[in-house]
Amino acid sequence: MVKFFSNAENQGHLRGLADEFGESTNSIRKELNHLSEAGFLVKVADKNRIEYQANTHHPMFSNLQEIIRKYLGFDKLLEAVLERMGEVNEVVLVGDYAQGIDSGTIQVVINGESLNKDYLGHLSNRIEELIDRKVHFDINKKFTSKDTLVLFKK
């Protein structure tokens, strides 16, 4: 669920998901079938394989996405960043969490003007205590739009 509902753009295919989670393809296939039959995931044919992604039209999509993002602590992270960082234009996740992988280290890019860089050290420690995950911040860093998750955009 984290894989697909933290970022609706995330997709995965059977073998890739089995490798990513260190599980057998059979157990992953069963879960994908259950989630697809329930309407939470949709299958997208891509050449010789089937990709799965969140069904954004499912009536529970928004609720599930909100639950997953709260579970990961994105709401607390965003609140803390916007609280005292200055003129924030956007907050973007890059790396594992943008791809739906709960690896334990969240990479965050904060773009804006007159940002309070001195606050970052305190902010990192505070957020890590709140969400029980490591957080790495980059300020005004360029990134490719692939595999990102925008949490805030002005």
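The values are calculated or read from the model by the stated rules, or taken from the named source; none is laboratory data. Predicted model only: the values in this text are computed from it and were never measured. Every residue, glycine as well, gets a Cβ built from its backbone with ideal geometry; the counts of neighbours run over all protein chains shown. These accessible areas exclude ligands, DNA and RNA; they are computed on the full protein's heavy atoms, side chains included. Shrake-Rupley method; radii C 1.70, N 1.55, O 1.52, S 1.80 Å.
Here Ile50, Ile67, Ile28 are screened, and the one residue that is closer than 30 Å to Asn125 by Cα and hydrophobic (A, V, I, L, M, F, W, C) is Ile67.
Of Asn140, Asn55, Asn116, Asn125, all but one fail to be farther than 21 Å from Leu17 by Cβ and touching a strand residue (DSSP E or B) at 6+ places or on another chain (Cβ under 7 Å); the exception is Asn140. Do we have any residue at all in region 24-34 that's in contact (Cβ under 8 Å) with a residue 40 or more places away in the chain and either open to solvent by 60 Å² or more (accessible area, probe 1.4 Å) or touching a Lys or Arg at 6+ places or on another chain (Cβ under 8 Å) (or both)? No, that holds for no residue.
Condition check ((1) buried (at least 17 other Cβ atoms within 10 Å of the Cβ); (2) of a type in the set (Ser, Thr, Tyr); (3) not in a helix (DSSP H, G or I)) across all residues:
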residue	(1), (2), (3)
Ala45	no, no, yes
Gln53	yes, no, yes
Thr56	no, yes, yes
Ile68	yes, no, no
Glu83	no, no, no
Val88	yes, no, yes
Val91	yes, no, yes
Ser103	no, yes, yes
Ile110	yes, no, yes
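For region 91-118, filtering for residues that are closer than 11 Å to Phe74 by Cα and in contact with a helix residue (DSSP H, G or I) (Cβ under 6 Å, 6 or more places away or on another chain) leaves 2.
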